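Throughout, read-outs are computed from the coordinates displayed, never taken from laboratory work. Since the model is a prediction, treat every value here as computed from it, not as a measurement. Methodologically, a virtual Cβ is constructed for each residue, glycine included, from the backbone with ideal geometry; neighbour enumeration extends over all protein chains shown.
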Amino acid sequence: MWTSTVKWFNNDRYENLGIVLMGRHREFDVDKALDAALCVFWRKGYEGASYADLTEAAGVERPALYSAFGNKEALFRLALQRYYERYLDYIPVALKLPTSREVVAHIFSNAIDLNTRYPEHTGCLGINGVLAGSDEAEPVRQALIEARAAGGELLRERFEKAKAEGDLPETADPQVLSSFVLVILHGMAVQAKAGFGREALNAVAEQALSTWPSGRADAR
């Protein structure tokens with residue numbers, strides 16, 4: 001899994017929180033409450049999601065939510081971990097595809113599907129969350145930045161491999177290509193949140209793929 005390859009959130013305060021929650025709280029379904037919180041954060045971002053929003057969606061009172069999850073930051077971290085595990089499982093599949101272009105095409109296609117699949121929460125939870133700007137939200141924002149950097153490093157390594165195999169030309173810069181892919185992905189997520197549909201985003205992906213460098217023909 002993508003999340004087992006990258007330690008997205010390794011703060012000791014939260015490492016085993018999910019296990020503890022399931023054992024301690026039986027007055028409501030913690031798993032369903034976490035799913036509900038995920039959807040709220042996805043729709044409104046970290047700062048935009050109020051405790052009133054979260055408690056209403058989870059169907060529990062604020063003290064119960066505090067008791068189960070500790071605080072808003074801990075709840076967001078758990079929701080984001082679930083998001084990565086449940087919705088980004090296409091990324092490790094993509095990294096195993098035979099050519100770098102296929103890797104990128106698979107990621108773009110699945111990201112567009114995810115960004116537009118649910119009308120009530122479009123875009124990307126990680127991108128929506130990183131737009132937070134207050135001091136209170138800074139730990140979450142930094143964690144998201146580090147997570148994306150780790151994902152970019154996996155892409156860079158995959159493109160290094162492609163270059164060594166001749167799938168990418170000698171002039172290709174794997175770091176630049178990794179950044180290029182991330183910029184396109186982040187831009188599409190923001191545009192999806194702003195109302196862009198699947199057709200428009202597919203056109204962006206096709207344009208980006210049309211510029212993808214190719215190596216030796218016999219490397220394929």
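What to note about this one:
- At R0 = 41 Å, FRET efficiency that the Cβ-Cβ distance of Ser179 and Asp31 yields, to 0.05: 0.65
- Listed by Cβ neighbour count within 10 Å, with the fewest neighbours leading, Thr211, Thr122 appear as Thr211, Thr122.
- Length gained on full extension, Asn202 to Tyr90, computed as 0.36 nm times the residue gap minus the Cα-Cα distance: 38.6 nm.
- Cβ-to-Cβ counts within 10 Å put Lys96, Lys161 in ascending order as Lys96, Lys161, the fewest first.
- Relative exposure of Thr55, Thr171, Thr99, judged by other C-beta atoms within 10 Å (fewest first): Thr171, Thr99, Thr55
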